[in-house]
Amino acid sequence: EFSKAREKSFNCIQQPGGIEVWNTENVSGLEKQIASLLGLKNYSRRNLSVEPDPQNYFSFFSELPGQDVRFRLLGYNDEILLESECFSNLLQAKVAALQIIKAGMNRNNYGDHTIVNNSLNIPLQITNSGGITEIFAYASINIQINDDEIILRNKVIANVINRLIQIHKEGEGLYIVEHVLLRPTVPDNTSVDLLMTTHINDDNQTKDPYSFRISIVLPSGFLTDFNSVNSVIKERTWSTRFRNLDFRRLVEKIIIQETPAHILPRIYWLHANSGIDNPTTPSLNRFETVYREWLEAKTDASVTESAYINAQENLVRVLNIIIQNQ
């Protein structure tokens, strides 16, 4: 279905008040096709710079009102894959759940199992910045007399990791910007920022930055403060696959293979910003802001020409800085 429709664009027909351009599946056929090949069920255009809300993926509960809070990671059939220790309040439990989304992907974080009351229990333990290892949750399964402990252990861990992978995929996605839609709309307006030309290779530079060109923006899976020269680049909670260089090469290969032959794609992996964006910050957050504002102006028949030009220039400025930094 997606393959045969990959040449189709998204609906950007102008209407009074505009149309839904964010948190919507109104995206191009190429975006749907690439997302499908990457195993992403959610191909909607949405904010990818945000951290996950653990309440969307874990079941939080207290035995009685006012008591300690715990949470569970449930499987597709509502079976319990992971159950946490007790936390004094919901905020602490949510922080722990975020750590589990990240740490639970690493098999080395699963400690030695124990068998209590015919239940095989595997602790998920996390080492904090002070070097102290704490147990945050347990993965458990019932064990019978003839069951192989190692096989059961591997099965339990695999079930948890497979569920966490689906959560991580919710933080993955892409944006496709068609350069032809960014052409200046006012003839001979020398004050309008133009899109920078890009290099096809080390020797050849494109003379026309608009025709048959697209920019594809993806989250890098990393976080930094763009306002601090000494900021350390950190791993985000999710998007684990996008941090892997080998997987990135696969993503880029798929993009190139699926893009129609007459169109040149340029691929950019952007960090999220832990600080405050300024108008030209080349962060994933800032790109999302200006891209959304431009889409809203593009599809709103009632927007003024000056407002549209301003939205377009804001997007072009950020894209130009992204191009310069790559």
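Being farther than 30 Å from Pro54 by Cα and touching a Pro at 6+ places or on another chain (Cβ under 7 Å) holds for only one residue in Ile322, Ile263, Ile254, and it is Ile322.
Being free of Cβ contacts under 8 Å to residues at least 60 places away in the same chain and surrounded by 15 or more Cβ atoms within 10 Å (Cβ to Cβ) is the filter; apply it to the range 248-257 and report the residue that is nearest to the chain's Cα centre (by Cα). Selected residue: Arg248.
Can you tell me which residue among Arg241, Arg286 is within 28 Å of Arg163 (Cβ to Cβ), touching a residue at least 12 places away in the same chain (Cβ under 8 Å) and assigned by TED's automatic domain parsing to the domain that holds Leu40?
Details: Arg286 fails: within 28 Å of Arg163 (Cβ to Cβ).
That would be Arg241, the only listed residue that is within 28 Å of Arg163 (Cβ to Cβ), touching a residue at least 12 places away in the same chain (Cβ under 8 Å) and assigned by TED's automatic domain parsing to the domain that holds Leu40.
Run down Asn285, Asn314, Asn320 and say which single residue is buried (at least 17 other Cβ atoms within 10 Å of the Cβ), among the polar types (S, T, N, Q), within 18 Å of the chain's Cα centre (by Cα) and in a helix (DSSP H, G or I). Selected residue: Asn285, the only one of Asn285, Asn314, Asn320 that is buried (at least 17 other Cβ atoms within 10 Å of the Cβ), among the polar types (S, T, N, Q), within 18 Å of the chain's Cα centre (by Cα) and in a helix (DSSP H, G or I). Of all residues in the range 228-257, those satisfying the criterion of being part of a loop (DSSP other than H, G, I, E, B) and in contact with an Asp or Glu (Cβ under 9 Å, 6 or more places away or on another chain) are Ser231, Val232, Arg236, Thr237, Trp238, Ser239. Would you point out the residue of the range 108-121, among those that are in contact with a helix residue (DSSP H, G or I) (Cβ under 6 Å, 6 or more places away or on another chain) and closer than 26 Å to Trp238 by Cβ, that is surrounded by the most Cβ atoms within 10 Å (Cβ to Cβ)? This residue is Tyr110.
Here Val229 clears all of (1) over 23 Å from Asn23 (Cβ atoms); (2) of a type in the set (A, V, I, L, M); (3) surrounded by 13 or more Cβ atoms within 10 Å (Cβ to Cβ) except the condition numbered (3). Screening the range 298-311 for residues that are touching a residue at least 60 places away in the same chain (Cβ under 8 Å) and among the aliphatic types (A, V, I, L, M) and picking the one that is surrounded by the fewest Cβ atoms within 10 Å (Cβ to Cβ) gives Ala301.
For the range 56-79, a residue qualifies if it is surrounded by 13 or more Cβ atoms within 10 Å (Cβ to Cβ) and either outside the structural domain of Val160 (by TED's automatic domain parsing) or under 18 Å from Lys169 (Cβ atoms) (or both), and the qualifying residues are Tyr57, Phe58, Leu73, Leu74, Gly75. Test each condition in (1) buried (at least 16 other Cβ atoms within 10 Å of the Cβ); (2) of a type in the set (A, V, I, L, M); (3) under 26 Å from Gly131 (Cβ atoms) for Leu91 and report the one that comes out false. In the conditions (1) buried (at least 16 other Cβ atoms within 10 Å of the Cβ); (2) of a type in the set (A, V, I, L, M); (3) under 26 Å from Gly131 (Cβ atoms), Leu91 misses (1) alone. Just the residues that are modelled with pLDDT under 95 and over 18 Å from Leu181 (Cβ atoms), please, taken from the range 283-305. Answer for the range 283-305, where residues must be modelled with pLDDT under 95 and over 18 Å from Leu181 (Cβ atoms): Ser302, Thr304.
In a residue-by-residue description of the range 148-166, the property of being assigned to a loop (DSSP other than H, G, I, E, B), out of contact with any His (no Cβ under 6 Å at 6 or more places or on another chain) and without any contact (Cβ under 8 Å) to a residue 12 or more places away in the chain applies to at least one position. If the condition is being part of a loop (DSSP other than H, G, I, E, B) and either in contact (Cβ under 8 Å) with a residue 24 or more places away in the chain or outside the structural domain of Pro219 (by TED's automatic domain parsing) (or both), then the range 258-270 contributes Thr259, Pro260, His262, Ile263.
Is it the case that the range 41-55 has a residue that's within 23 Å of the chain's Cα centre (by Cα) and hydrophobic (A, V, I, L, M, F, W, C)?
yes
The values are calculated or read from the model by the stated rules, or taken from the named source; none is laboratory data. The structure displayed is predicted, hence computed values, not measured ones. As a convention, Cβ positions derive from the backbone with ideal geometry for all residues, glycine included, and neighbour counts pool all protein chains shown.
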